[in-house]
There are 4 protein chains.
Amino acid sequence: MSTRQIGLIGTGRIGQVHVHNIHRYLNDHVVTHAYDPFVNDAWLAANNIVKADSVESLLKQDIDCVLICSPSGEHSKQIIAAAAHKKHIFCEKPVGLETDEIEQSLVAVEQAGVVLQVGFNRRFDPSFAKVKSDIKDKVGIPQIVRITSYDPACPPEEYVKGSGGMFFDMTIHDFDMARFLADSEVVEVFATGSCLINPDFKKYNDVDTAMVQLKFANGALGVIANSRQAVYGYDQRVEVFSNNACLKADNQTQSNIRSFTKDGISTPVLKNFFLERYKEAYINQFHAFFSAIENNKPVVVNGFDGLQAVNIAKAAKKSFESKSPVTVTG
Amino acid sequence: MSTRQIGLIGTGRIGQVHVHNIHRYLNDHVVTHAYDPFVNDAWLAANNIVKADSVESLLKQDIDCVLICSPSGEHSKQIIAAAAHKKHIFCEKPVGLETDEIEQSLVAVEQAGVVLQVGFNRRFDPSFAKVKSDIKDKVGIPQIVRITSYDPACPPEEYVKGSGGMFFDMTIHDFDMARFLADSEVVEVFATGSCLINPDFKKYNDVDTAMVQLKFANGALGVIANSRQAVYGYDQRVEVFSNNACLKADNQTQSNIRSFTKDGISTPVLKNFFLERYKEAYINQFHAFFSAIENNKPVVVNGFDGLQAVNIAKAAKKSFESKSPVTVTG
Amino acid sequence: MSTRQIGLIGTGRIGQVHVHNIHRYLNDHVVTHAYDPFVNDAWLAANNIVKADSVESLLKQDIDCVLICSPSGEHSKQIIAAAAHKKHIFCEKPVGLETDEIEQSLVAVEQAGVVLQVGFNRRFDPSFAKVKSDIKDKVGIPQIVRITSYDPACPPEEYVKGSGGMFFDMTIHDFDMARFLADSEVVEVFATGSCLINPDFKKYNDVDTAMVQLKFANGALGVIANSRQAVYGYDQRVEVFSNNACLKADNQTQSNIRSFTKDGISTPVLKNFFLERYKEAYINQFHAFFSAIENNKPVVVNGFDGLQAVNIAKAAKKSFESKSPVTVTG
Amino acid sequence: MSTRQIGLIGTGRIGQVHVHNIHRYLNDHVVTHAYDPFVNDAWLAANNIVKADSVESLLKQDIDCVLICSPSGEHSKQIIAAAAHKKHIFCEKPVGLETDEIEQSLVAVEQAGVVLQVGFNRRFDPSFAKVKSDIKDKVGIPQIVRITSYDPACPPEEYVKGSGGMFFDMTIHDFDMARFLADSEVVEVFATGSCLINPDFKKYNDVDTAMVQLKFANGALGVIANSRQAVYGYDQRVEVFSNNACLKADNQTQSNIRSFTKDGISTPVLKNFFLERYKEAYINQFHAFFSAIENNKPVVVNGFDGLQAVNIAKAAKKSFESKSPVTVTG
């Protein structure tokens, strides 16, 4: 496989995670340049990354692809800029915030003929990927798709304030997973939610507990349950059912030892959070990205997938506000 | 405990099951008389039960209580008749079909001072009962209640035709379970459904696959998933979550042996259907019924519980037809 | 099936259990007469059983079969007496204490042409029976048979004193299970043991913790682990392995609910003891016994099975005392 | 932590695995020089490793420690040579073949004041390490230690011929694990075995199926079950029991998805073999090794541990040949 020189836009937490994973686990490839208005020079130096002064200057470097890990509101225009420079693009979710901007960016990508992969890493989780690959043979056409997605700890109010709301911040991963597993588009959403953990979230018209019901184009039904806090760990499950079979990917505990005492039989709590739970998924998504570039093959999560997740999140928010089911446009 | 003489109204399948269980497992008590317009004399004889010519004549016998196992449309008037004769009443679900009739029957019961227990047997399933009893200490106030209820095999079209629809025929058990576990009233229902197994059910405006979302008075969220057919057995699960804990009652397999081969690790399918899965629940509900009579204590499933399940089923049907969330009256 | 009139010899705990099970679950059959030098008249009356003054007088009654639930030392001669009266015989384990006496009793049974079934009830446990029936198709010829058999609570010293030692009192069930599952005779035993729970058991040359290694005639290997106390419940497992497959019957917990908290994920402890754990086995063994009589078919546990378990127990005791492997005679 | 320069003796499979792991996962440290009479130059070059012409010449390089991955018969003298050059030593199991040679090498290590860690990697498996660390609090003093260790596929006859026999080649890991978990020395071994998979192994007085019973100094009992082939994957379990509690580390399946069909409920087979199953253990043992050097702390697996495993294996072989229990010397 050809070695890829990579530029990074945004050197916050997730950008640093990607650099770490690429350098350790995909070491044919290397992140050589980075731009961030608040970049940490020490971190750059420790990773042998050259600082760029702007997105434009970054895109003029000798790089094959860019990782867009900047704030969500900048994604669309950065995708357009990268496409203009014929760079392959890995863009964190959400692919953008506004439908029209996203659509423009997808046109730019199409015209430039570059690869665009969106960071819905969970599709690359070995368990969920195996569920997906077994569906056709075992389940046939899914009739019911159920997703459980609970975070281990409630975020601080400050985070919630700027998060865009639970449906955009948290459920968006689940919307993508629902489409991925159902293999049919979501046509209708009905979302309910409550503040049952932290009543202060109401100030931002946000919730900490939600249930989102989905109807797919083929008549299949779906539901996503969300909570901002499950004290027993990061609860991440999927279940795909038809009257012929059911496939379940259950949680992963911190170890597989069982303790038998007079009080009961116990196992450790679940893996704690996404960097631990989805460790392999974060690595695998880059194997897939570079492989798509190398072999000129379609990516597993393309720009349209990114757009649709945003459209569903918008419908969910509207449903929650209007207390009625909402048709997904797009 | 005093021996109870029991009269039976309706000698169909479920009536016969109750007689079998009472005679074998609660043998302080005995079913002595029965009325059914289509009664099977041989079955009566084999069980030492005397035939009555009418409900009225049955109620005049020397019996302490009656089991109402007749068609649903007759329940309310039979409850009223039994109350008039001061008989304690065990009534199969649904407690009635029309809200006003049900309410009249509950007034009659109240005035007569007799015991009325409704046949929501699942509350007496040892697993579900243990979940219920552990909620207060472990979960606190439930925030999310999820119920899975899939039958093992799709019923014939003829059955579906006269069933009253999936929400009344099948989900009604789950509506009761949801109230039981959430310990809060259902205030809003949003029901969707599809015919994905047998398209012929559409003729009756019925579905074979459904998802019903619930909102409880205290803000908690619920969801019920239903399918008329899960080929791997009778899939019956509940899960009660708060941010402090989660309790799950998982399915019961036909045995607990595991087979390890080159093709994987496998266990037998689930218990097949309700008489097998809820065997203990059917027995336990009569222990509870006779104990309530004996000790003059409240029953675990009273007439109001029976009424509320009907009200929720009505709301679900209306929601499905109107494609919008419906407030539960009552 | 013909109704069987049954005589009972020995009205202690296990005899009473059998009467309860037969009257409740096999109600085509009835225990009509009983003999015990210390019989409880109230219990007899409550069960409609007529007292006999001696074994001889019991055997002269109008009965088809006898249940021998007397002290172990009397089994052989009572079997001979029952055979002389042409009664079918269910005999509790052990079938006798001395090899020559047992052999004489088996000759008597053979000559009388009556049915003799020995009370190794665990063969009738649904899980273990399913393992057995699946072995041929899945495992083929077993290569390793492993049995775990831990009691929930250590017996009092007084019980241990008169128990005949752990290998006769407790492991004898496992010796039978090992032969049953391996489908090959045990040819060599190596037994070790320690007093790790109650050092007072040393007074009686007994142990509370034991490990017994078995070699089967076909070269297969076996091992039985025993403890007088597992605080988490009655630990009863079998595992049958060949290089082609492995079958495991795991323990049964008191319920199948799981509790997820910050401290871990827990299930209830195991079923507490034999009357609970082997409830179905106790019933099923009588279905099988009466069916063998009715249909003139071989029993599942015959006199030779009873004899071999005793021979293995003797070899185990000798191995423990001599600290060397011992060949099983018989 | 200081960067360590490392020399490698023996560039076969396991040596290459260690280099890969150190360079990828412990990248403060680097293997700089290697000796092997049959060294692969391309592999050296690809890993930036300089070839040494002999063990002596390797030991004269600027290295802090050596990894001994040569044939077992050379371990003792290479340990002595490395100690003479004051190099810290990681030595693959077995630490040597002959008791007296091993003892001499341990004296040399002691006198040189260098660190010696033996390659019993399983102690560093997260599950087994967690069992170990929980024993004191939960189990107290172990009374029964049981180990299952089945390989996924039978090795070819040629391998078996030169393997030193199953007890030295395969069970030696389990002997170490037994000592580790029991926290008491093995004082007596009784080993049985059969050729049930490949009868040709008898030519070498070897077996493919074995059961080894252990008695520990404190009276606790142990047993190890071995098979050269379990078609369902690499079966690696431990179970530590006292009458107060039991800790079990169960197998790891290839994924945690469950498939529910009419034929049953199935999960994938077990992880296939040691590089997959013990991936983390192989990495963790080097974290521990370098940490012990850095902090001048005792290693988790020292030379005495290496010696004792050999002594137990010798006793097991002798027991198998003499068909009697054998006292472990040492």
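The values are calculated or read from the model by the stated rules, or taken from the named source; none is laboratory data. Keep in mind that what you see is a predicted model, and the values were worked out from it rather than measured. Glycine gets a Cβ as well: all are built from the backbone with ideal geometry, and neighbour counts include every protein chain shown. We work out accessible area using only protein heavy atoms, side chains counted, and drop any ligands, DNA or RNA first. Shrake-Rupley method; radii C 1.70, N 1.55, O 1.52, S 1.80 Å.
Things worth noting here:
- Percent of beta bridges antiparallel (DSSP, the protein assembly as shown, rounded to nearest 5): 60 percent
- Each stretch of four or more DSSP H residues adds -39500 (n - 2.57); spread over every residue of chain D, this sum gives -10500 deg cm²/dmol at 222 nm.
- Among beta bridges that DSSP assigns inside chain A, antiparallel share in %, nearest 5: 55 percent
- At most 15 other Cβ within 10 Å, DSSP loop - trypsin sites (Lys or Arg not before Pro), segment D:248-330: D:K262, D:K323
- Electrostatic tally near D:V326: other residues with Cβ closer than 13 Å to its Cβ, Lys and Arg +1, Asp and Glu -1, net +4.
- In nm, spacing of pseudo-spin labels at A:K77 and A:E321 (7 Å Cα→C-beta vector): 2.4 nm
- Once the 1.4 Å probe is applied to the protein heavy atoms, segment A:249-330 comes out at 44 Å² accessible per residue.
- Going from the chain on its own to the full set of protein chains, segment C:131-164 has these residues losing 30 Å² or more of accessible surface (heavy atoms, 1.4 Å probe, no ligands, DNA or RNA): C:K138, C:Q143, C:I144, C:R146, C:Y150.
- Residue of D:A81, D:A316, D:A182 that the Gaussian network model of chain D assigns the largest fluctuation, springs spanning Cα pairs under 10 Å: D:A81
- Chain D contacts chain C over a buried accessible area of about 3300 Å², both sides summed; the probe is 1.4 Å and only protein chains count.
- Working note: Debye formula, equal point scatterers on the alpha-carbon atoms of the protein assembly as shown, no solvent; log10 I(q)/I(0) at q = 0.09 Å⁻¹ is -1.30.
- Relative intensity of segment C:241-285 on a log10 scale, I(q)/I(0) at q = 0.16 Å⁻¹, equals -0.67, per a Debye sum over C-alpha point scatterers of equal strength in the absence of solvent.
- By the equivalent-ellipsoid construction on the alpha carbon gyration tensor, segment A:165-319 comes out with semi-axes of 27, 24, 17 Å, ordered largest to smallest.
- Residues in segment D:182-200 occluded by at least 10 Å² - accessible area, probe radius 1.4 Å, against chain by itself: D:E188, D:F190, D:T192, D:G193, D:S194, D:L196, D:I197
- Whole-percent carbon and sulfur share, accessible surface of segment D:96-223, 1.4 Å: 49 percent
- Between identical copies, the spacing of A:S54 label points, each set 7 Å from Cα toward the C-beta atom, reads 6.7, 9.7, 11.8 nm from nearest to farthest.
- Projected-area average for segment C:173-249 over all orientations - Cα convex hull basis, square nanometres: 6.1 nm²
- Solvent-accessible area, 1.4 Å probe, carbon plus sulfur percent, for segment D:237-330: 49 percent
- For segment D:113-238, the fraction of alpha-carbon pairs lying more than 27 Å apart is 23 percent, rounded to a whole number.
- Principal axis dimensions, largest first and in whole angstrom, of segment C:47-132 by Cα: 42, 36, 24
- Contact order normalised by residue count of chain C, Cα under 8 Å, 6+ apart, percent: 19 percent
- Seen from A:V231, the other residues with C-beta closer than 13 Å to its C-beta sum to a net charge of 0, counting Lys and Arg as +1 and Asp and Glu as -1.
- Here segment B:234-330 has an Rg and Dmax of 19.6, 59 Å, counting Cα atoms alone.
- When C:E276 is represented by a point 7 angstrom out along its Cα-to-C-beta vector, the spacings to that point in the other copies are 2.5, 3.4, 3.9 nm, nearest first.
- Where only alpha carbons of segment A:40-193 are counted, the Rg and the Dmax (Å): 18.4, 52
- Residues listed by number, segment B:1-37, amide nitrogen under 20 Å from B:A45 label point at 7 Å toward C-beta: B:11-12, B:16, B:20, B:31-37
- For A:H23, inter-copy separations between label points set 7 Å beyond Cα along the Cβ vector come to 1.8, 8.0, 8.1 nm, shortest first.
- GNM result for chain A, Cα springs below 10 Å: residue of A:I257, A:I293, A:I63 fluctuating most strongly: A:I257
- Volume in Å³ per residue [convex hull over Cα atoms, computed for segment C:20-96]: 93 Å³
- Charge tally in the Cβ shell below 12 Å around C:I312, where Lys, Arg are +1 and Asp, Glu are -1, C:I312 excluded: 0
- P(r) for segment B:129-195, from all Cα pairs and a bin width of 10 Å, is 15, 44, 26, 13, 2 %, short bins first.
- Global dimensions of chain A from alpha-carbon coordinates: Rg and Dmax equal 20.2, 67 Å.
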